[in-house]
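Here's the structure, in structure tokens; my notes come after.
Every number in this text was worked out from the coordinates using simple rules, so none of it is lab data. Remember, it's a predicted structure, so these values are computed and weren't measured experimentally. Cβ placement follows ideal geometry from the backbone for every residue including glycine, while neighbour counts extend to all protein chains displayed.
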Amino acid sequence: MYPFHWSEIFLYILPLLTILLVNRYGRPYLTDGKHIKLAVVDVIHPILWLCFHFISTNAFYFSLVPALVFVIALYAFVRLFKRFRRQEKVDWPHFWRNLSNTAFIFVFVVYYILVVYRIIQVVIS
């Protein structure tokens, strides 16, 4: 465990703060009106993954990002396998959007579980 530094508090609130700011002020800039249509989740993904990397490194001395990528890839593979097994046609844009949303929710929940773990770790030591 790395020692606590006050800048970690910024990492704890950064994903929530980014969601609030992008949802409130950045939504008009997420589309060009014709071709590009981004969701708030698309903007938050990189920030969330980066914060997840830093928090997991502070808590465990190594990053849990590769394990998380593996779990999400396994989930995507199972979903695709079930569709191919039922011989359903895959709507790729819909599949990627659903996978992105599911991955965001999963990473967000695991991130805040890790934040709670890190806070407990700092308080106990």
Kyte-Doolittle mean at least -0.5, axial Cα span of 27 Å or more - DSSP H helices of the chain: 40-60, 65-85, 92-124
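Quick one: compute the contact order of region 8-124, relative version, from alpha carbon pairs under 8 angstrom and 6+ residues apart, as a percent. Numbers along the way, then the final one.
On the way: 61 pairs, mean separation 32.4, N = 117.
The normalised contact order for region 8-124 reaches 28 percent.
Report, please, the projected area of the chain averaged over directions, based on the convex hull of its C-alpha atoms, in nm².
Values: hull surface 37.3 nm².
Mean orientational projected area (the chain, Cα hull): 9.3 nm².
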The chain, helix-only ellipticity at 222 nm - DSSP H runs n ≥ 4, -39,500 (n - 2.57), divided by all residues, nearest 500: -25000 deg cm²/dmol
Loop trypsin sites (Lys or Arg not before Pro), region 1-43, which have at most 14 other Cβ atoms in a 10 Å radius of their Cβ (DSSP): K34
Magnitude of the charge dipole, region 29-106, Cβ model with Lys/Arg +1 and Asp/Glu -1, debye to 20: 440 debye
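Dividing the convex hull volume of the alpha carbon atoms of region 71-125 by its residue count, what do you get in Å³ per residue? Let's see the in-between values first.
Values: hull volume 3.7 nm³, N = 55.
That works out to 68 Å³ per residue.
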